[in-house]
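Below: one structure, written as structure tokens.
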Amino acid sequence: MCSIAALKENYQKFNPKAYLKNNYMPPRADFSTEDCVVPWKLRCLAEAFETGNIQGRTLMDIGSGPTIYQLLSACDYFDEIVMTDFLEINREEIHKWLQNDPDIFDWSPYIKHTCKIEGKGELWTEKLRKLREKVRCIYPIDIHQRRPLHPVIMKPVDALVSTFCLEAVSPDKESFDKALENITTLLKPKGYFLMIGALHETYYMAGEARIPVLAVNEQEVKESLISCGYKICIFKTYTMPTSLKIGVDDVQEIFFVQAQKM
Ligand code: U87
């Protein structure tokens, strides 16, 4: 697999149900221990927003996939949330979630856990209602285009979130850097970018699809952000424990970064 076109072709076999099972059910989603990867991600996001520094009118999530966990803490700090994904099948999954379709993934353990770590005594059903209300649209996106949302036109937003997207859709470092540049045009100067991603990963499975991943290290991620005009505010890593190496990918570590566009 070596070109952007080949990768896009490969994504046509992406199966959201298999993907959700691999990454968003036990053992990777074990809420009884903070050492598990899903609670780690939720905590990074909750702590970032808790400071109150990241807020505004619009937040955009880049490459949302069929998931909403990445927006659970964010939704308290923005008036509206724009979700995006390359695949129609993933956008459809989000539409179903918005409409409370019974045939969708159950995010309630994620919502309950987020309410618990935020410690504000909020009812999980209230957070669910709030997030559904704030997600205004889910747009097609291609981060390899200079205008990733084309033909949709949007004013630069106040903050960006992106989880496991850049390295999972870029065939090489050059396209990773270009994609970062492309999405950065969607963000206002001084706006924050929160990104979670995989380090040293070469592939992951989503049903029939075996998707190649660009193996990046911590230094490379930091350098890419700095070259793109960001200041790095927080950088954290999580080492995937052996018990969570379950054959669905070869991820070694996960990073969380909070960066500010200068
Ligand atoms: C998530 N954000 O699960 N332009 O967090 C824009 C594109 C393009 C394109 C494809 C990768 C999953 C990584 C969601 C979904 C992220 N998707 C879309 C996965 C891999 C480690 C690991 C993973 C997940 C495409 C969780 C955990 C771990 C997908 C999304 C990538 N291995 N977006 N040109 N092409 N996409 O449709 O929805 O990117 Cl814990 Cl460890």
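Quick one: plug the Kirkwood hydrodynamic radius of the chain (C-alpha pairs) into Stokes-Einstein at 37 °C, 0.692 mPa s, and report D in µm²/s. Kindly include the intermediate steps, with their values, before the conclusion.
Values: Rh = 18.4 Å.
Approximately 179 µm²/s, per Stokes-Einstein.
Contour minus end-to-end for HIS200 and ILE153, with contour as 0.36 nm per residue of separation and end-to-end as the Cα-Cα distance? Write down the numbers at each step before the final one.
Details: separation 47, 0.36 × 47 = 16.92 nm, distance 3.48 nm.
Computed gain between HIS200 and ILE153 is 13.4 nm.
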With each pseudo-label sitting 7 Å past Cα toward Cβ, what's the ILE234-GLN99 distance in nm, one decimal? 3.7
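Give the accessible surface of the chain per residue, rounded to a whole number of Å², with probe radius 1.4 Å and ligands, DNA and RNA excluded.
Details: 11460 Å² over 262 residues.
The answer is 44 Å² per residue.
Which entries of LYS41/LYS116; LYS8/LYS96; LYS130/LYS188 have Cα-Cα distances beyond 19 Å here? Provide the component values of the computation, followed by the final result.
Details: LYS41/LYS116 14 Å; LYS8/LYS96 24 Å; LYS130/LYS188 24 Å.
LYS8/LYS96; LYS130/LYS188, as the Cα separations exceed 19 Å there.
Antiparallel as a % of all DSSP beta bridges within the chain, to the nearest 5?
Details: 22 of 41 bridges.
Around 55 percent of the beta bridges assigned by DSSP in the chain are antiparallel ones.
Leaving out ligands, DNA and RNA, what percent of the accessible area of the chain is carbon and sulfur, probe 1.4 Å? Write out the running numbers ahead of the final one.
Working: 5930 of 11460 Å².
Percent of accessible area from carbon and sulfur atoms in the chain: 52.
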Percent of Cα-Cα pairs per 10 Å bin, from 0 to the last occupied bin, for region 109-191, please list those. 15, 34, 28, 21, 2
Could you give me D for region 2-82, from Stokes-Einstein at 25 °C and 0.890 mPa s, where the hydrodynamic radius is the Kirkwood radius over C-alpha pairs? Units µm² s⁻¹, please. 166
Please report, for the Cα atoms of region 142-262, the Rg to one decimal and the Dmax as a whole number; what are they, in angstrom? 14.7, 44
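The values are calculated or read from the model by the stated rules, or taken from the named source; none is laboratory data. Note that the structure is a prediction, hence the values are computed from the model and not measured. Counting neighbours? That spans all protein chains shown, and the Cβs are built from the backbone with ideal geometry, glycine included. Heavy atoms of the whole protein, side chains included, go into the accessibility calculation; ligands, DNA and RNA do not. Shrake-Rupley method; radii C 1.70, N 1.55, O 1.52, S 1.80 Å.
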